[in-house]
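What follows draws every value from the coordinates through simple rules; no lab data is involved. Note that the structure is predicted; figures quoted are calculated from it, not measured. Because the Cβ atoms are built from the backbone with ideal geometry, glycine has one as well, and the counts that use them run over all protein chains shown.
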Amino acid sequence: MFFAGVINKWLFSSISAPAGANWTEMSIEEGGYGRIGNINVLVLGVDSVDGTHRADTMFVLGINPAKARVSMLSVPRDTRVLISGRARKINEILPRYGQSVLRSLLEDLLNIQISRYVEVDFQGFINVIDEMGGIDIDIEKPMHYDDNWGKVHIHFDPGKNHLDGRQALNYVRFRADAAADLGRIKRQQQFIKVMLEKVMQPGFVVKLPQIISQAYEHIKTDFSLAELFTLIKGFESYQVKFLNTSLPGEARYIDKISYFLPYRDKSMEIGASHFSDLAAVELVASFSSPVEPEKQPDSSRPDEN
C-alpha cells in the first residue's frame, strides 16, 4: 500500500503538492486578499462517546470563491492505512496520532495541500445546526433504527422534513440499511449541499457573521475568525456550484477485517481536478512536528453506527 512509510516522510522531509491555498495569514490581516483561490479543508465529525474520539465522518472540502465552487470528497472511515507497517482503519488515526498525521496521509493520497481543518463533535454539530435554524431536507425512504444500549433512536418518514440539530445528527449518522456506510456518505453529501444552499441565500448571508461567531465556539479549527469572514466575503455570487464525490476504491477483507482500499491514481486525478488551483503558485508544505504518541483507547467498546 502507498501509505507505508508516509509517516517517515512526514517526519524527515517536506511534501510538495499542488497548491491548495491561495491566501496567507498576513494577507488577510492586511485586508489585501484580492483573489481567493482554492482553500482545502479537512472536516472531521468526531464520535466522543465513551472517550473513543474516532472520526465518525471525514471529508475534504475544496472551497473556491473565485470560481464560485465548493467540492466535497468523502473518505470512507474503513479506508485502510499502514502506520509503521501496521494496518489500521483511517478513522483510528485521529485519536492515536492526531489530525496532523491524518492530514498528511490524505495530502499524500490526493497530492494536494490541505490548508485548514475543522473538527466538530456530536454536541457541537447539534449546536451549529440549531443556531442555523435547522435544515429542510427531502428524505427518500423510511429510516428507522433503535439502539437502546447506545441511546440512539432514529425514525424518519419519506418526504420533506425539517430537522433540528439532534435530528440532523441522526440523519447524517444513519447507516442501518443495505447501503451501510456508502449510503450514509451519500446522505451526508446531500446534507452538506442543502446546508450550503441555505447559507448562500441572500436573506441568510447577512446573518452569517453572527452565526459564524457563535458556531466558532463549538468547533476545533485552525481557521481564524478573520479567515472565515474573508472566505465568505470572497463569494461574489449567491449561485455556488457544489460538486461531490467519494474516494475511489473497493471494499475488501484482509486478515478477516473489512477495509476500503483506495485507488491512488484515480484519487490523484480527483485531487488535481477538484482540489488544486492551477492559477496559484505551487506551495511546499513543511512538516516538522513529531508524531504524537499512540494513545490507548479508553474503552474497548466496538465502533458502532
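Listed by chain and number, the lysines whose C-alpha is less than 21 Å from the C-alpha of Lys256, apart from same-chain residues fewer than 8 away, are Lys89. Multiplying each eigenvalue of the alpha-carbon gyration tensor of region 53-114 by 5 and taking the square root yields semi-axes of 24, 12, 10 Å, largest first, rounded to whole angstroms. Cross-link partners for Lys160 among the lysines, with Cα-Cα distance under 24 Å and sequence neighbours closer than 8 places in the same chain left out: Lys141, Lys186, Lys193, Lys198, Lys241.
Taking amide hydrogens as placed 1.01 Å from N in the peptide plane, the amide H of Gln113 sits under 5 Å from those of Gly20, each at least 5 positions away in sequence or on another chain. Sparsely packed loop sites in region 102-159 (the trypsin sites (Lys or Arg not before Pro) outside DSSP H, G, I, E and B with at most 15 other Cβ atoms within 10 Å) comprise Lys151. In nm, what is the difference between 0.36 nm times the number of residues separating Ser273 and Lys151 and their Cα-Cα distance? Difference between extended and current length: 39.7 nm. Convex hull of alpha carbon positions in region 106-223: directionally averaged projected area 9.0 nm². Taking amide H positions as modeled 1.01 Å from N, with prolines and chain starts lacking one, the residues under 5 Å from Ser246 and 5 or more places away or on another chain are Ser74. Stokes-Einstein diffusion for region 31-169, with the hydrodynamic radius set to the Kirkwood value over Cα pairs and evaluated at 25 °C in a medium of 0.890 mPa s, equals 142 µm²/s.
Once the chain from Tyr238 to Ser224 is taken as fully extended at 0.36 nm per residue, the excess over their C-alpha distance is 2.7 nm. Using Cα-Cα distances under 8 Å and only pairs 6 or more residues apart, what relative contact order does region 50-124 have, in percent? Computed value for region 50-124: 22 percent relative contact order.
A Förster radius of 41 Å combined with the Cβ-Cβ distance from Glu217 to Ser84 puts the calculated FRET efficiency at roughly 0.65.
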